[in-house]
Amino acid sequence: MKNLLLTTLATLTIGASAIHADDNGLYLGLGYASTNIDLTIAGLPDDINQQLDQSTDSVILLAGYDFNNYFGVEGRYYLNGSSIAFDYGIGKVPFDYKAESFTLYAKPQYNLGPITLYGLLGVAFNDYTVNTLLGTSSDEALFSWGAGAKFNVTQSLGLFVDYTDLGESTNFSQTTLSSWNLGVSYRF
């Protein structure tokens, strides 16, 4: 009886430590984002402001730590740069828009075996630079949220797809950033 009890305890300990090892850890990732920029500059006609709404490409670098199957923290860095031109009067006016965003998220999640569903709640530190005739820029912290899913290819390698809203600024213009993201993460 004593041997059976010791064997059962040893099996549970090994099993619990194996499950615990899967539940937590540091991970890094790299991704692509299709970023939607909804920009409205006061004083410009509505038809010009509609031309300023663009979808551009961004790069995402991320790092996070999962404490268990239900909660983690994650930081992301988005780098976006775009150049567009819009019709104004007799010619085209160049327009450069650059945005860098650093986000910190609380990450509630639920593991369904090969798929992990998660939410992102936190803050985005956005740095906007708009080079137009007005030449404006802004740096502010905004509420940010998102949701997504990760496919666990192996214990360490995962593929993720998610949506993030990086906040709405009204500092120098009304700017809303949101993105659909696709990438890969690796757990150490």
Report whether or not ALA141 is of a type in the set (A, V, I, L, M), assigned to a strand (DSSP E or B) and at pLDDT below 95. yes
Those residues of the range 47-79 that are modelled with pLDDT under 75 and under 20 Å from TRP180 (Cα atoms) come to a total of 4
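The values are calculated or read from the model by the stated rules, or taken from the named source; none is laboratory data. Since this is a predicted model, take the numbers as computed values, not measurements.
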